[in-house]
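To keep things clear, I will list the structure first and then write my remarks on it.
The values are calculated or read from the model by the stated rules, or taken from the named source; none is laboratory data. All values reported here derive from a predicted model rather than from experimental measurement. Using ideal geometry, Cβ is built from the backbone for each residue, glycine included, and neighbour counts are taken over all protein chains shown.
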Amino acid sequence: MNQPADALFQYLLRLGDDSLILGQRLTEWCGHAPTIEVDLSLSNLALDLIGQATLLLDYAGEVEDKGRDADRLAFHRDAEQFTNCLLVEQPNGDFAQTMARQFFFSCYSELMFAELETSADPRLAEIAAKAVKEVRYHADLAADWVIRLGDGTDESRRRMIEGLDWFWRFVDEMFAMDAAENALVQRGVAVDRAAIREAFDQRIAATLAQAGLEVQASGWPLSGGREGRHGEELSRLLAEMQVLPRAHPEAVW
Amino acid sequence: MAVLGLVPDPEIPAVSVVDLGIVRGLFTGGDGALKVRLTPTYTGCPATQLIERSVREALDAAGFRDVAIETVLAPAWSTDMISEAGREKLRAYGIAPPPRGAASRSLRGGDAVECPRCGSADTREVSRFGSTPCKALWQCNACHEPFDRFKCH
Ligand SMILES: [Zn+2]
């Protein structure tokens with residue numbers, strides 16, 4: 001495979017896997033959320049994310065040119081072939097923890113897709129223009145909950161702080177660059193993740209200030225997801241997500 | 001186009017896929033085949049495949065045998081693509097339509113939303129996400145009617 005195509009394939013896989021795994025995680029809330037409105041919200045977020053993943057992974061498959069489409073990539077790879085960041089595969093925990101994860105991811109994702117709208121790759125730019133509008137809603141929703149819980153009762157505040165504390169350790173990985181991505185940035189295709197970090201930090205700080213919470217980057221930063229080194233929780237998630245297509249590989253609705 | 005104007009949106013049957021701006025164009029190719037260009041409202045909208053099938057069935061029933069359906073993402077669908085007639089049909093159906101030019105404004109803009117039942121502008125958002133990806137839940141403070149609002153997008 002030629003090198004630029006392989007780098008683009010890997011990049012699309014990273015973006016697609018992030019959306020897919022977080023979308024799948026959020027579906028676990030369906031029927032379990034604190035209220036019907038929240039239940040609908042989380043299902044809608046999951047739907048958007050899986051829709052974005054479908055577009056990104058379908059395109060990845062075309063770039064790879066080995067006959068794999070989004071379904072093939074989603075259902076017939078093992079954990080070590082997934083390149084999502086570790087943040088999205090973490091278990092939901094309680095509602096505050098889910099919102100902490102969503103807040104960090106959607107704020108990052110909104111900045112990412114906003115930049116990708118002007119990517120030199122027209123297909124990626126098209127997908128980003130579509131996705132950014134959806135992700136903007138997600139970021140607003142998550143920020144609203146961070147404020148509401150952070151500025152709420154003693155218990156909601158404690159849980160919100162615990163959720164944010166837990167997820168801080170996974171934030172750096174979302175902004176890490178490597179040689180392949182740097183080469184794509186040079187060609188105007190990818191986003192320089194490091195360059196959007198400041199805007200991310202500002203958005204986080206502004207929301208936390210509104211919630212009456214302090215910004216406290218805590219925990220030893222963890223990474224490895226982009227290289228396929230995941231926690232066992234991802235395997236459990238994949239087992240549930242993939243069991244049907246693996247048991248009946250050619251089944252259709 | 002007249003045929004497609006009768007194809008209802010699967011989730012809001014009061015409006016057609018043409019009213020909603022999902023049909024982006026009709027072309028006759030050099031080979032005489034009819035090309036239909038569709039755009040999804042939301043990337044994960046579960047109705048997208050159903051819409052494609054309904055469009056195909058409607059055109060087939062109207063005698064168009066050679067039809068090619070193409071999905072386009074750009075320009076990204078926005079609520080500004082909903083026609084004036086579509087807006088009126090939404091209102092009559094009990095869904096507050098999005099204001100014009102909404103897509104270019106902030107999603108958090110404080111637009112007045114009118115209750116589709118009594119017309120009062122004294123309304124509040126209950127939940128940003130409603131029964132389908134394209135709608136938010138609102139309630140009227142004047143008549144207490146809960147209603148759907150088409151999200152600015
Ligand atoms: Zn009213």
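Check A:Ala60, A:Ala70 and return the single one that is in contact with a helix residue (DSSP H, G or I) (Cβ under 7 Å, 6 or more places away or on another chain), away from chain B (no Cβ under 14 Å) and small (Gly, Ala, Ser).
The unique qualifying residue is A:Ala60.
For region A:149-161, give me each residue that is touching a residue at least 12 places away in the same chain (Cβ under 8 Å) and out of contact with any helix residue (DSSP H, G or I) (no Cβ under 7 Å at 6 or more places or on another chain).
A:Asp151, A:Ile161 - these are the residues of region A:149-161 that are touching a residue at least 12 places away in the same chain (Cβ under 8 Å) and out of contact with any helix residue (DSSP H, G or I) (no Cβ under 7 Å at 6 or more places or on another chain).
Can you tell me which residue in region B:116-153 is nearest to the ligand (Cβ to nearest atom), limited to those that are buried (at least 19 other Cβ atoms within 10 Å of the Cβ) and β-branched (Val, Ile, Thr)?
Once the filter is applied, the top-ranked residue is B:Thr123.
Which one of these is touching a residue at least 60 places away in the same chain (Cβ under 8 Å), surrounded by 23 or more Cβ atoms within 10 Å (Cβ to Cβ), of a type in the set (Asp, Glu) and out of contact with any strand residue (DSSP E or B) (no Cβ under 6 Å at 6 or more places or on another chain): A:Glu89, A:Glu80, A:Glu64?
Details: A:Glu80 fails: surrounded by 23 or more Cβ atoms within 10 Å (Cβ to Cβ); A:Glu64 fails: surrounded by 23 or more Cβ atoms within 10 Å (Cβ to Cβ).
So the residue among A:Glu89, A:Glu80, A:Glu64 that is touching a residue at least 60 places away in the same chain (Cβ under 8 Å), surrounded by 23 or more Cβ atoms within 10 Å (Cβ to Cβ), of a type in the set (Asp, Glu) and out of contact with any strand residue (DSSP E or B) (no Cβ under 6 Å at 6 or more places or on another chain) is A:Glu89.
Please find, among A:Glu181, A:Glu117, the residue that is more than 14 Å from chain B (Cβ to nearest Cβ) and either touching a His at 6+ places or on another chain (Cβ under 7 Å) or acidic (Asp, Glu) (or both). Quick ask: steps written out before the conclusion?
Values: A:Glu117 fails: more than 14 Å from chain B (Cβ to nearest Cβ).
Only one candidate passes the filter, namely A:Glu181.
Can you pull out every residue in region A:120-141 that is of a type in the set (Lys, Arg) and either at the interface with chain B (Cβ under 7 Å from one of its Cβ atoms) or more than 14 Å from A:Leu55 (Cβ to Cβ) (or both)? Break it down stepwise before answering.
So the first thing to find is which residues in region A:120-141 are of a type in the set (Lys, Arg), and the list is A:123, A:130, A:133, A:136.
Listed by number, the residues that qualify are A:Lys130, A:Lys133, A:Arg136.
Identify all residues within region A:114-135 that are of a type outside the set (A, V, I, L, M) and either under 24 Å from A:Arg169 (Cβ atoms) or outside any helix (DSSP H, G or I) (or both); write none if there are none.
Within region A:114-135, the first condition is being of a type outside the set (A, V, I, L, M), and the residues that meet it are A:115, A:117-119, A:121-123, A:126, A:130, A:133-134.
Passing the criteria: A:Glu117, A:Thr118, A:Ser119, A:Asp121.
Restricting the first residue to region A:15-41 and requiring it to be under 18 Å from A:Val88 (Cβ atoms), which pairs with a second residue that is in a loop (DSSP other than H, G, I, E, B) and of a type in the set (Ser, Thr, Tyr) meet a Cβ separation below 7 Å and a spacing of at least six or different chains?
A:Asp17/A:Thr83
Please find, among A:Ala142, A:Ala183, A:Ala190, the residue that is touching an Asp or Glu at 6+ places or on another chain (Cβ under 6 Å) and modelled with pLDDT of 95 or more. Before you say what the answer is, go through the steps one by one.
Working: A:Ala142 fails: touching an Asp or Glu at 6+ places or on another chain (Cβ under 6 Å); A:Ala183 fails: touching an Asp or Glu at 6+ places or on another chain (Cβ under 6 Å).
The match here is A:Ala190.
Scan A:Ala194, A:Ala190 and give me the residue that is in a helix (DSSP H, G or I) and more than 17 Å from A:Trp220 (Cα to Cα). Steps first, please.
Numbers: A:Ala190 fails: in a helix (DSSP H, G or I).
Just one listed residue meets the conditions, A:Ala194.
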